[in-house]
1. What lysines sit close enough to Lys338 to cross-link, taking a C-alpha to C-alpha distance under 19 Å and skipping anything fewer than 8 places away on the same chain?
2. Distance in nm between label sites at Glu157 and Glu249, each 7 Å beyond Cα in the beta-carbon direction?
3. Given labels modelled 7 Å from the Cα in the Cβ direction, how far is it in nm from Arg49 to Asp169?
4. Highest mean first, how do 304-316, 10-22, 235-247 rank when packing is the count of other Cβ atoms within 10 Å averaged over residues?
5. Starting from the Cα-Cα distance between Lys400 and Asn387, subtract it from 0.36 nm times their residue separation and give me the gain in nm to one decimal.
6. Between Asp476 and Asn36, what length comes free when the chain is fully extended (0.36 nm per residue of separation minus the Cα-Cα distance, one decimal in nm)?
7. Taking the Cα atoms only, what angle lies between the long axis of helix 181-191 and the longest principal axis of the chain, rounded to 10 degrees?
8. What angle do you read, to the nearest 10 degrees and between 0 and 90, between the alpha-carbon axis of helix 152-163 and the longest principal axis of the chain?
Amino acid sequence: MSSKTYNPCDLVIYGALGDLSRRKLLTCLYRLELSNFIEPETCIIGIDRMELDSPGFIEIAHKSLQEFLNTELDEAVWKRFSSRLSYLQIDLTQMDQYSKLQDFVDHSKRVMVNYFAVSPVLFKNICQGLDQSGVLSSTSRMVMEKPIGHDLKSSREINDEVAKVFKEDQVFRIDHYLGKETVLNLLALRFANSIFTTNWDHNTIDHVQITVAEEVGIEGRWEYFDHTGQLRDMLQNHLLQILTFVAMEPPATLEAQSIHSEKIKVLKALRPITAKNVKEKTVRGQYTAGYMKGKPVPGYLEEEGANTKSITESFVALRVDIDNWRWAGVPFYLRTGKRMNGKRTEIVINFKRLPHNIFRDSYRELPPNKLIIHLQPNEGVEIQVLNKIPGIDENIKLQKTKLDLSFSETFKNSRIFGGYEKLVLEAMRGNPTLFLSREEIEQAWTWIDSIQNAWTHLLESPISYPAGTWGPIASDSLLAQDGRAWEG
Ligand code: BG6
C-alpha cells in the first residue's frame, strides 16, 4: 500500500450507471487503483435500476474509463480493478429490494460505505430501504454530495431523513473543492509558516479576492441549473468553503471537530446581506452569446432546453464582510461565473500599503504586496514583491517581481491527485476532516437564503455579459466603489 493502511470496504454506489458515477467515481477509483491506494480486499458494488449482470456492468465501467480518463488503461490495473466490481439491480423506490444487498456485504470483513450518487429526491428511499432491510451495521457510512438541499429548509429535510438512519459521524458530505490539493495547501501555508500566521489579519491585509471562473456553460444541465443558479450551485458551497479556509482561526488540531468548529465560527460571523444592502453588495449576471477561444457560443437563454424568460444568474459577485476581531474592516470579494474568459480559480490576498514611502521622490505610490494562490489550473503560490532593478543609477529603480512556486515545477515527482480521489479515499479511510458537518451546511444556507430572498424580492433581471468575458461591468464597479480592482 502507498499509504497507511485502513479497513477494506464494501463500497456501494447507488446510481452506478449515472453520470456522476461513470464520469467521476469510476475514474477516480481506477486512478486510486493505479496508485495502489485501494485496499486489496475492497469490493465495489454498483447499484442501479437497469437489468444488468456484473459482466455487463464491468463492460460499462470499461467504456466509461475509456471515455473519461485522459490516459490509456493499464491492462494489469484494469484486471485488478474490474475483479472488484459487481452489479446489483435494485429499484431504489422499492423497499423490499434492498435485502438483496445482504449477499454482497460482509460486515465482519469490510466496512460498508454507501455512496449516494443519485438525486437527493431518492435519499429518503435509500435510507429507509437500507434501514428496513437490516443490511447496515454501526460501522456503516454514507457519502453524499451537493446539492444537499436548495435552501435551509430543504437541506434540513434531507439531513433529517439521513439522521434517522445514520449518526452524524457516519455521514460524509462531500464538497469536491475540499479535496483539491491547493485548497488543502491553505492549511499548510497558513499554519506551518510563521511569515503568514503573523501577517494574516486586519493589521496587514487590505482585502481578499476569491475568483472561481469557469469556461463551461450549462452543458445539457439547463433544467437543474436554471432551478439553482450560480449562487447556490457554486457560491453556497465551493466559494464559501475556500473563504472559511482563508478566514478561520488556527484550529487546535487537524482533527475534524477542531476544523469544523473554526469554519462554523466564520460562517456565523458573515454579515447578512439583506434587501437593504443587496444592491450595493451583490451583482448578478447572465451570459449572452459570445466567443470562447475564437468560437461562437450561444447565450444562456439560447442553450438547449432553455426557458427564454429565465432570470437565473450564471454569474455572481459579492462583497462579504466578516464581523469578527481578525477581519474587521477587511472585505472579501467573491466572484464566480460560467462562460468566463478562462478557467481560473484563485485567491488573492492584498496586503496593505506601507505607512510611509521612502522612495517617494521617484514613486508617488508603491504597489502593495500580494499573495496569489492559484488553485486551478497551474496550481501554485505567487508572492508579488518590489525589487530593486540591478544598476548603478543615481536613483533606485523598483520593479514588481514574483516569487513564484509552481507545484508542477517544484514537486516534479509528486502526482497532483484530483479532489475526488482524495475525498473518496478519505471516506473509505473513515476520516471526516475534509467533509462538511451538518451545522456547517445549514449555516451556509442561512446566509445564502438571505441573499436569494433579497434578490427574489427585487425581481430584477440579471445584468448581461457576453460569453468569453469577465462578467458584467457592474462587477468591476463593485470593487471600484471601494477604490479597488479585480486582479488580472
Ligand atoms: C460543480 C458545479 O459543483 O462544480 C458545476 O455543480 C461546476 O456547475 C463544477 O461546473 C466546477 O468544478 P471544477 O472542479 O471544475 O472547478
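1. Lys146, Lys293, Lys295, Lys309
2. Spacing of the two 7 Å Cα→Cβ label points: 3.7 nm.
3. 3.7
4. Peptide ranking by packing, descending: 235-247, 10-22, 304-316.
5. Extending this stretch completely gives an extra 4.0 nm.
6. Length gained, Asp476 through Asn36: 153.7 nm.
7. Orientation of helix 181-191: about 60 degrees from the principal axis.
8. For 152-163 against the chain, the angle is about 40 degrees.
The values are calculated or read from the model by the stated rules, or taken from the named source; none is laboratory data. Please read these numbers as outputs of a predicted model, since none were measured by experiment. Neighbour counts are summed over all protein chains in view; Cβ atoms, including those assigned to glycine, are modelled from backbone coordinates with ideal geometry. For accessibility, only protein heavy atoms count, side chains too; no ligands or nucleic acids. Shrake-Rupley method; radii C 1.70, N 1.55, O 1.52, S 1.80 Å.
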